[in-house]
Structures are given as structure tokens and as C-alpha cells.
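The values are calculated or read from the model by the stated rules, or taken from the named source; none is laboratory data. Model, not experiment: these values are computed from the prediction. Here the Cβ positions follow ideal geometry from the backbone for every residue, glycine too, while neighbour counts run over all protein chains shown. Accessible surface areas use protein heavy atoms only, side chains included; no ligands, DNA or RNA. Shrake-Rupley method; radii C 1.70, N 1.55, O 1.52, S 1.80 Å.
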Amino acid sequence: MPNALQKPQSAATAFMLAGAGWFVVGALYGMVSAIHLVAPEFFSNIPWLVFGRERPIHVNTMLYGFTGTMLIGCGLYYVPALLKTRLWSEPLAWVCFVLWNLTILSGPVCFSFGYTQGREYSEYVWAADLMLMVAVVLAIYNMVMTVAQRNESQLYVSVWYFFGAMLWTACNYPIGNVMWHPKTGAMPGLIDSIFLWFWGHNLPGLLITPLATGAAYYVIPRVARMPLNSHTLSLLGFWFLVALYTHIGGHHVLQSPIPNWLKTVSVVDSVSMVFPVSIVVINLWMTARGVGRRVWGDPAGRLVMGGIVWYLVTCIQGPLQSLPYLQRVTHFNNWTIGHAHIAMLGFGGYIALGAMWHILPLVTGRSVYSNKLVNLQFGLITFGLTGFFLDLTAVGLIQGSAWNNGETVYRVLPELAPFMITRAGLGIFILTGALVGFYNAVMTVLGGRRLAAEELQRAEEPV
Ligand code: HEM
Ligand code: HEM
């Protein structure tokens, strides 16, 4: 077996770099989507680039490719580190890396030629579903064996979150993707929307959220150089998440004739989400109390704390837009697109990036190539995303209230144009942020300053 595949933490590094690369690819497709919504004829209807084909490439590449891949890379480092041991099998993690990334690659390759299961967040074809499942099961096996050989008896909350994310995905993905129907990956009729949104919400809720929360719980105490405010609270938040998040997918289809009891359950539990969210936010905030300057002054810490602020905003918005009365205005329009971006980039993406910048030096033994570039990336995506949020929320309210007042869609369209142009313009900042980050990550691995043994030890020290 080649030595490179045995090298400790090499798979974690590969996952993080791949995540940084997928961010660039996803942002390019995001720009294409945004340009389509400004000028539908801009790409002269090139078949593999029509909106219906490239939009799912953007979405899947961002969720599974950027945030998912980067956060898994971080977990492959912090789980063994917290357990004071090594990853059980580095080659197994590489197999997982190849299968996971082939699944993501299948997006641009298959969707461009119309091979898709056509259900949002469940578009991957069956063979790709299978690769993803094998990757997740291998990751679980590797982690179980790592826990079995641990030298630390306490299972810190980040370990729980990483395990949870993998276990829930192993269970939820095949159900939501209706994998027992390989040809369509769908159920007949309305029942399909229930299955689809079961996964559609569990992808952000039980894959990205626990991965990001676990990474934040790892990074913040280390950057703050303070012990976690409360371990009990952190575990309480974990179990609240399990109890509430699993079955709230119905809030995506409140405007459809799904059973009323399912709507009620999803609305009540969506509103109750304020508990686990507050626990995470308060616990991390309290950990950084008195040393805020240290946390916000650290380029990686700033990104993770920024992610927690976006989490708070997302989760104030989320329960509100789960209320059927309010959703009559916010559903089926750009308001939801705004929510999706602050959730996936603001919360998931910021924490993934912050954790990567914190962890990359620990796995490579090299300092970040340029902290100025990390700060530049933070500035670019913060400007772009804040603009996205304001722009899309405003245009969503215009659309929602116009339709509620009986206005026909085509008469509202001209009013949307300036907002769509603004969004495309802001996208350039996020794309530039992705490019700067990819360059900085590659340069860190190739040419960052080698850290002295004491520096590394200090950075790895438990707090
Ligand atoms: C260059 C920056 C970006 C641009 C220009 C962009 C643009 C877009 C556009 C035009 C859409 C389709 C909206 C519609 O159908 O009306 C979209 C959807 C989406 N984007 Fe982005 N995006 C960018 C970055 C990101 C990032 C970084 C993420 C996540 C990490 C992301 C996640 C999503 C998601 C989840 C959706 C689907 C939203 C939904 O259906 O509710 N995007 N994006
Ligand atoms: C308190 C927690 C949250 C609640 C109650 C909530 C609620 C909702 C609701 C009701 C919708 C559907 C809106 C509509 O279609 O009218 C939605 C959409 C969405 N949410 Fe959340 N949300 C929460 C947190 C999050 C988080 C943390 C993430 C990401 C990690 C996230 C990602 C998304 C995405 C990507 C969509 C767009 C789905 C689509 O394509 O339509 N949400 N959320």
C-alpha cells in the first residue's frame, strides 16, 4: 500500500482540501444560476447548462461537497484527537474519501446530461446513493474502532455530534431517497413529498447541523483557551436535537394536503427548536465570555463565532417561517432562498471554514499560509452573504405580498430584476472568497511555515 495512504491524518487533509475545491465549483455554478435569473438567454440554452440542470449541481455541490466534505475532514481529525488516539484505519478513511467525492462528482457529470432523480436534495442517481451510503457506513466503522481503542474515557460532545451525524445519515438517507425503488428513487403521489422532505430537512438538520455544532464545540474552547462553559448543557442540547429535528420536514409542505397531524407535529417541534439552538449559542457564548477579543481576533475563531451568530439568525427566522399563517407570505419565493443561504453558508459554511483554518495547521504541521487571506475571505463572504440575506428577504416579501394581494406573477417579475442583478453582483464576492480560500488552503499544505514541536504541542493541548 502506498505510504501516502497510511500517513496519519492524510485523509482528513484530503477531505478539507476537497471541500475547499468544491466551494469554488459550487460558487461557479451558483453564479451561473444567478445569471440565468437575470438573463435567461445568456447561455443560449446550452443543453448541459440550462437552469434545471445546473441549479441542482450548485445546491448539491455546496451542501454535500463544500460544507459536508470539509466538516467530515475536520471530524476525522478532532474525534481521534479528543479520544487521545489515532484514527483506526487511515486507508479505510481514504476509501471513504474516494466514494464520498465520487458521489459529489456524479452531480456535475450526471445532472448536466439529465441523469437525475429530480427530487430536491435527493437528485443523485441510485449508484451514487449507494456510494454515499458505503462511504458513511465505512466512516462509522472506522469511528467505532477508533472509540474502541481510545485512551480517554470521557466522550466530549463533539464526538457525540460527529457520530450522530454519521449514524442519522446512514438511517435517514436511504429512507428519504427511497433507495428501495432504484429506478425512480421516489414514491408515487403526494406521499413522496413527505419522504422527500424527511431527507430534505434531515440533510441540513441531522447531517450539516451536528457536524457544524461538533466542530464549533471543538474550536471555540481551544481558541478562547477556556474550558467549555457546561458539558451537561452541551449534551442536553444534543438530545434535544435528536428529539426534535428528526420529524419536522413537514414544515416544508405545510401548503400541501399532507395529513394535519403531521403538519401540527412539524410546527410544534419547529418552534421548540429554540431550546437546542439557544443551548448551543449560550453555551459557546459563555465559553468565550471575558475573552471575546481573543476569539474574534483569531481568524479561525472569528469565522466559527460568525457561524454561531448566523445560526442564531437562521433559527430565529426558521421557527417563525414554520407558522402556517406567516408562511403564506414567505413560502414559494426568495425569502426561503435567503434562509437557505444564511443557514448553509452562514452557519454550516462559516463553521466549516473556521474549523478548517484551525485544524489544517494541526494536521499538516504547517502554519496557515496567510492569515491575511483568511481575513480577506471572511470579509468577502460576509459582505456577499449579508447582502444576499437583505436582498433576498426584501424580494421575497415583495413577491409574497404581491401574490397574496392577487397580483399575477408576470406583473411582479419586472420588480424583481434589480434584486436579481444585485444578487448576481454579490455572488462575485462569495466566489472570490471561495477562490482565495482554496488558494490559501493549497498553499498551506504545500508551503506553510513548518511549526516547531512546541508550537504544535501548545496548539493541540486540551483545555
Ligand atoms: C457565488 C455565490 C452563490 C450564488 C451566486 C448563489 C446563487 C444561487 C441561486 C441563483 C440559487 C437558485 C435560487 C432560485 O431557484 O430562485 C441558489 C440556490 C441555493 N444555494 Fe446558492 N449561491 C451561492 C452560494 C451558495 C453557498 C455558498 C451555498 C451553501 C453553502 C448555497 C446554497 C444554496 C442552496 C441550499 C440553494 C437552494 C435554496 C432553496 O431551494 O431554497 N449557495 N443559489
Ligand atoms: C430552528 C431551526 C429551523 C427551523 C424551524 C427551520 C425552518 C424552515 C422552514 C419552515 C423552511 C421552509 C420554508 C418554506 O418552504 O416556506 C426551511 C427551509 C430551509 N432550511 Fe431551515 N429552519 C431551521 C434551521 C435551519 C438550519 C440550521 C439549516 C441549515 C443547516 C436550515 C436549512 C434550510 C434550507 C436549506 C431550506 C431550504 C429548503 C428548500 O429548498 O425549500 N434550516 N427551514
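Consider the range 1-28 and keep the residues that are part of a helix (DSSP H, G or I) and open to solvent by 40 Å² or more (accessible area, probe 1.4 Å). The one that is farthest from ligand 2 (Cβ to nearest atom) is Asn3. Selection of the range 369-379 for residues being within 19 Å of the chain's Cα centre (by Cα) and either over 9 Å from Gly437 (Cβ atoms) or open to solvent by 40 Å² or more (accessible area, probe 1.4 Å) (or both) yields only Phe378. Scanning the range 326-342 for residues being open to solvent by 20 Å² or more (accessible area, probe 1.4 Å) and near ligand 2 (Cβ under 6 Å from one of its atoms) gives a total of 4. Does the range 303-325 contain any residue that is more than 18 Å from Gly205 (Cβ to Cβ), at pLDDT below 95 and either in contact with a Phe, Trp or Tyr (Cβ under 7 Å, 6 or more places away or on another chain) or within 16 Å of ligand 2 (Cβ to nearest atom) (or both)? Yes, the range 303-325 has at least one match. Please verify whether Ile279 is open to solvent by 50 Å² or more (accessible area, probe 1.4 Å), part of a helix (DSSP H, G or I) and either within 19 Å of Tyr161 (Cβ to Cβ) or within 16 Å of ligand 2 (Cβ to nearest atom) (or both), treating the condition exactly as stated. Answer is no for this residue.
A quick yes/no check of all residues on (1) free of Cβ contacts under 8 Å to residues at least 12 places away in the same chain; (2) more than 16 Å from ligand 1 (Cβ to nearest atom):
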| residue | (1), (2) |
| --- | --- |
| Cys171 | yes, yes |
| Thr184 | no, yes |
| Trp197 | no, no |
| Gly200 | no, no |
| Leu206 | no, no |
| Pro227 | no, yes |
| Phe240 | no, yes |
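Condition check for Leu413 on (1) aliphatic (A, V, I, L, M); (2) more than 13 Å from Ile342 (Cβ to Cβ); (3) open to solvent by less than 60 Å² (accessible area, probe 1.4 Å): one failure, at (3).
State whether the residues of the range 205-217 include one that is within 17 Å of Met305 (Cβ to Cβ), more than 11 Å from ligand 2 (Cβ to nearest atom) and surrounded by fewer than 20 Cβ atoms within 10 Å (Cβ to Cβ). No, the range 205-217 contains no residue that is within 17 Å of Met305 (Cβ to Cβ), more than 11 Å from ligand 2 (Cβ to nearest atom) and surrounded by fewer than 20 Cβ atoms within 10 Å (Cβ to Cβ).
Screening Ser122, Ser44, Ser33 for residues that are at pLDDT below 95 and either open to solvent by 50 Å² or more (accessible area, probe 1.4 Å) or within 15 Å of ligand 1 (Cβ to nearest atom) (or both) leaves exactly one candidate, Ser44. Might you let me know whether the range 224-231 holds any residue that is within 30 Å of Gly306 (Cβ to Cβ) and either at pLDDT below 95 or of a type in the set (D, E, K, R) (or both)? Yes: one or more hits.
In this entry, Trp180 is excluded by the filter for residues that are among the hydrophobic types (A, V, I, L, M, F, W, C), within 16 Å of ligand 1 (Cβ to nearest atom) and farther than 22 Å from Tyr350 by Cβ. Summed over the range 289-317, residues that are buried (at least 21 other Cβ atoms within 10 Å of the Cβ) and part of a helix (DSSP H, G or I) total 14. The set of residues in the range 353-412 being in a helix (DSSP H, G or I), modelled with pLDDT of 95 or more, more than 16 Å from ligand 1 (Cβ to nearest atom) and among the hydroxyl-bearing types (Ser, Thr, Tyr) consists of Ser401 alone. The set of residues from the range 154-179 being over 12 Å from Gly75 (Cα atoms), open to solvent by 10 Å² or more (accessible area, probe 1.4 Å) and assigned to a helix (DSSP H, G or I) comprises Leu167, Trp168, Ala170, Cys171, Asn172, Pro174, Ile175.
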